[in-house]
Amino acid sequence: MKKARGIFALLGAGSAAASAFSTLRTARGRNDKLALVNAIASILVAITGAALAVRGLRKDGDA
């Protein structure tokens with residue numbers, strides 16, 4: 001059960017990263033500095049979420 005939760009967390013982080021990169025592209029096109037900062041922060045959150053999911057999967061498998 002923990003493995004499935006970790007996989008869903010990893011998928012969620014991937015989805016969040018895709019959305020953040022889309023927002024980043026839009027913000028750069030519009031020269032919107034506030035949206036740009038928000039997109040960068042969202043990317044960092046997605047990276048952290050992915051790292052936590054991977055760590056959870058590794059601990060579950062004792063690797």
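If you roll a 1.4 Å probe over the chain with all protein chains in place, what percent of the accessible area is carbon or sulfur?
62 percent
Where only protein heavy atoms count, and the probe is 1.4 Å, what is the accessible area per residue for the chain in Å²?
Value returned for the chain: 78 Å² of accessible area per residue.
Kindly provide the helix-only [θ] at 222 nm of the chain, computed as the sum of -39,500 (n - 2.57) over DSSP H runs of four or more divided by all residues, to the nearest 500 deg cm²/dmol?
That comes out to -32500 deg cm²/dmol.
Is the shape of the chain best called rounded, prolate or oblate, per the rule: a/c under 1.5 gives rounded, else a/b larger than b/c gives prolate, else oblate, with a ≥ b ≥ c the square roots of the Cα gyration tensor eigenvalues?
The shape class here is prolate.
The values are calculated or read from the model by the stated rules, or taken from the named source; none is laboratory data. These figures come from a predicted structure and were not determined experimentally. For the accessible areas, the whole protein counts, side chains as well, though only heavy atoms, and no ligand, DNA or RNA atoms are used. Shrake-Rupley method; radii C 1.70, N 1.55, O 1.52, S 1.80 Å.
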